[in-house]
Every structure is written in structure tokens, then in C-alpha cells.
1. Lys and Arg at +1, Asp and Glu at -1: add these up for the other residues within a Cβ distance under 10 Å of Thr63 and post the number.
2. Just subtract the alpha-carbon distance of Glu241 and Ala73 from 0.36 nm times their residue separation and send over the number in nm, one decimal.
3. Amide H neighbours of Tyr70 under 5 Å, at least 5 residues apart or on other chains, H built in the peptide plane: list them.
4. Given H placed on each backbone N at 1.01 Å, which residues far from Phe194 in sequence or on other chains put an amide H within less than 5 Å of it?
5. Sticking to Cα atoms, compute the Rg of region 121-182 to one decimal and its Dmax as the biggest Cα-Cα distance, whole number, in Å.
6. To the nearest 20 debye, what charge dipole does region 153-297 have about its Cα centre, counting +1 at the Cβ of each Lys and Arg and -1 at the Cβ of each Asp and Glu?
7. Using the beta-carbon distance between Ser230 and Asp157 and R0 = 35 Å, what value does 1/(1 + (r/R0)^6) give for FRET efficiency, to the nearest 0.05?
8. Give me the orientation-averaged projected area of the Cα convex hull of region 152-286, in nm², one decimal.
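What follows is calculated from the coordinates using simple rules that are stated; it is not laboratory data. All of these numbers come straight from a predicted model, not from anything done at the bench. When we count neighbours, we look across all protein chains shown, and the Cβ atoms used for this are built from the backbone with ideal geometry, even at glycine.
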Amino acid sequence: MRKIFVAVLTAVVFTMMCGCSSAVGGVSENNDENFSAPASEKASSVSEEPATEALPDTSALETAEGSYVYDNAGVLTADEISELNSYCEMLYEKHLINAAVVTSNSLGGKTPYQAAEDAYIEIYQGRGSGLLLLVNNDTNYDYLYRTGSCLSFIPEDADSNAFFWSTKDIINGDYRSAVLRIMQLGERCPLYVFDNIGKLSQDELKDIESTIKKSNKQLSLLITTNGTDSTNEEICKSYCERRYKGDSGYMMMIDTKTNTVTVTASDASAAGFDKAVAAAEKSVKAGDIKAAVENVLKDIK
């Protein structure tokens, strides 16, 4: 019987459902490395069948330019891979989620968690907010590996619901629906604030997300710790181009390692933000990230 594993922030939860089980293990993200899952466990049970959610409409999605689906087990058709690639690219660009799907017939002796973590490191160098689904036909334990905002904004009940129905999909041989159902969880993540290191509380993040949305200005906020060889300007520009592909918008990046702020524009110069950036950095050093965002918003016409 197929068993499905899904990564959450704090605990390992075993839930028995219709003869199948789903296990939940934790993982944390710190831009450069992922930490091992906590060992705490607790038991729970589901007494009734959860409500199902409609699968997302993928008909209007453009054909993906990148590759996000690695069907090593050969369980998907070419059309299904193309569709899922397009959906994952939407998550990658709109929610800034490093999305991926990996199917495998052999884990080479690794645990599902280890295989999923290694795949994420290989594909995304272990960085950013990520959502990687491992479909494991070796030991039949699937695993959803998540980092950054994917840890904070995908609640446990949503995980359990999605995995309950995806298990039924897989039993019926419908891998396409199973994968789409799980990756749809990524749409619960923010559209404007991308906290890759868990700097903000959920209330703080939701407050800043609401502030940007109400401003009707195209600004996104990236909070990270730059542990790469790239400059903050290069990172901020790449995220801005990714988020506002073909559109006008601004990306504000806070590097918590140096408490510095960088602002860039997708289709024009971000010159003239020196005063706003200086004020924003002062607010960041004082621990007030919302005020930092408001300083930058004021200078966006």
C-alpha cells in the first residue's frame, strides 16, 4: 500500500487513512543549507474523509521555458510532463518558489527524505523557498520537501487533505492529478513577500503582504541571507526579472547578513531610491521591516 511523506516545520505526524498512511517530517531552510528533520513524533487519526479541492486550471498557462519535472520512473506522458512543467514554472515565477517534481524507481539505499533533499540541493543548490515532490516507486514512500515560505504557508490540514486525495489518484494510476494536487499547495504562499529564511512571524509577513497589496504598487520583498558569490544587486535583479517577467515592477531585497537593502526595477532604472534605501536600512537595523518597506513604497510612482 502506498505511503506518502510530506515535510512540515515542527513535527512528524502519522495519519491513518483508508488503509494508507501519510507521514510528516520537518525541514528548515537557511539559504545555504537544510537541516535534518526533528525526531519528535505524535500519533493522530482521521475519522472521516476530507473534502476534496478542485485541481487548478492549467489551460491558460504558457509552455514552460525551464525544466521542473524529472520523470525518471517514466510514470507521466509527454503531454503531462509539459503541463506540469508549465504549472511549476508559474509557481517559480509568480510565487518565487523553487518548484520541482522527481519520480524515481530506485533511491539507491537513501531514505525518501535524503533522496528529496539531495534532489533539491542538486537542482536548486539547496537555496530559496522550495517545494519538491519525490514520487518514490522504490519503497513506495513519497516525500514532499519544502523550505522557506513553503514551510510557513502550507498548513498541516491542507497537506493531509491533498495527500489523502493524491494517494487515491496514484492508486488509480493517475500520477498527473496526484502531482498537480500536491504542487497546488504552492499557491498558498505569498505573492509579494518572500521570506526565504523565516525572519518574519506569520502575522508580520501577512501584515506586510497586505500593506504592499493595498498600495497598488508593483513591489515585491525578498528577505534572505546572501551566502553566494553573487552580489546583492545581481540577486535582486535576477529575482525581479523572474517575478515581473514581461511586466513592470520593483524588487526590494533585505540581506539579513549585512542589514542592507537593495532595490531594482524590472524594466527601468531604480535610480533615485538612495534616500529611500538609506531610510529603509535604518528601519531594518531597528528591527522594523514593515517601516523599511513603507519607505520604499513612498518612492514608487
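1. Overall, the nearby charge balance is -4.
2. Contour length minus the Cα-Cα distance gives 57.1 nm.
3. Val101, Val102, Thr103
4. Residues meeting the amide H criterion: Leu221, Leu222, Ile223.
5. Values for region 121-182 (Cα only, Rg and Dmax): 12.4, 35 Å.
6. Taking the Cα centre of region 153-297 as origin, the dipole is about 220 debye.
7. The computed FRET efficiency comes out at 0.40.
8. With the hull built on Cα positions only, its mean projection is 10.3 nm².
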